[in-house]
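Please read the structure below before turning to the comments.
Please treat every number below as a calculation from the coordinates, not as lab data. Predicted model only: the values in this text are computed from it and were never measured. Every residue, glycine as well, gets a Cβ built from its backbone with ideal geometry; the counts of neighbours run over all protein chains shown.
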Amino acid sequence: MSFPQPKPEVPQLPQHLLRTIDCQQGAVRAVRFNADGNYLLSCGSDKSLKLWSVSRGTLLKTYSGHGYEVLDADGSYDNSQLCSCSSDKTVILWDVATGQVTRKLRGHAGKVNCVQFNEEATVILSGSIDGTVRCWDTRSRKFDPIQILDEAQDGVSSLKVSEHELLTGSVDGRVRRYDLRMGQLHVDFINSPITCVCFSADAQCTLTSSLDSTVRLLDKSTGEMLGEYKGHKMKGYKLDCCLSSKDTHVLSCSEDGHVYCWDLVEGSLTLKLPVGKAVVQSLSFHPSETRLLTAMEGRVQVWGAEPEEIEEDVVVVQQEKAE
């Protein structure tokens with residue numbers, strides 16, 4: 001009786017460079033997967049927002065309407081709308097298909113660092129250097145925010161929304177978690193300006209990166225520190241951190257040109273991904289697959305767990321050209 005061969009372990013880390021996209025929009029300030037991971041958004045210092053196909057690396061549309069560099073963007077769950085924020089103090093709601101501005105939302109007193117839709121895309125949340133988070137109704141005729149959260153003592157650098165919870169990180173060194181259903185606020189103090197916050201996929205933990213070159217994993221309900229991840233350099237730039245789609249690894253940008261990837265449980269450095277010689281400005285992990293986006297200077301890199309096989313139809317076209 002022969003036993004079946006053991007299944008080979010699926011490589012968990014995106015260590016192969018699949019393609020590099022020259023975005024041609026100045027420095028890329030942020031790169032983001034859309035909801036299903038088939039498209040990516042790149043935010044440019046030339047005031048533009050661009051939508052790309054991840055698999056082909058082709059430009060699908062350019063969204064122009066901001067008056068200064070674009071700092072963050074998000075796509076709605078159904079891919080019909082985008083939102084973006086900028087140093088011009090505005091948040092813009094876009095129609096994906098037409099490329100037109102649906103709403104231009106004004107109210108922040110300074111540059112807007114971060115923006116995200118709620119899950120139904122009925123509300124946009126934006127965080128600004130002015131210390132506030134503003135909540136905007138995407139369907140309302142009124143252009144005023146429906147709520148302003150002004151607890152931060154300094155600029156809001158990052159925010160994430162998950163169901164009824166909002167997580168914010170501020171330069172004042174505090175992570176704030178708002179339970180929007182219960183009307184409660186939970187605060188965790190980290191003694192360093194916070195650059196990025198996220199929820200784990202199982203919603204039990206929060207991840208924060210800060211300017212003391214440390215990424216911390218906290219228990220969401222108790223605030224207890226579960227893990228500390230170090231080795232990268234983050235002293236002067238607002239850089240991203242994230243969890244892999246299955247919560248197995250912690251990833252962070254670094255000023256030394258690498259993405260650092262640690263085992264979540266062990267805390268050990270599993271991979272140091274060499275992106276280039278400059279600062280890795282932004283990163284985004286695919287919602288379900290082992291894929292990673294990174295941004296450095298004017299380019300976006302797409303990384304995968306294994307090298308991509310060239311599709312047969314591409315080979316056929318090359319053979320025809322050769323003949």
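Of note:
- Eligible lysines near K47 by straight Cα distance, threshold 16 Å, same-chain separation 8 or greater: K61, K89, K104, K111
- Too-long pairs where the Cα-Cα distance tops 26 Å, listed order kept, from K160/K235; K238/K277; K50/K142: K50/K142
- The translational diffusion coefficient of the range 16-304, from Stokes-Einstein at 37 °C and 0.692 mPa s with a Kirkwood hydrodynamic radius over alpha carbon pairs, comes to 176 µm²/s.
- Label sites at T62 and L180, each approximated as a point 7 angstrom past Cα along Cα to Cβ, lie 3.4 nm apart.
- Long-range HN-HN contacts of C205 with modeled amide H, under 5 Å: S200, K220
- Only helices enter the 222 nm calculation for the chain: every DSSP H run of n ≥ 4 contributes -39,500 (n - 2.57), and dividing by all residues gives -1000 deg cm²/dmol, rounded to 500.
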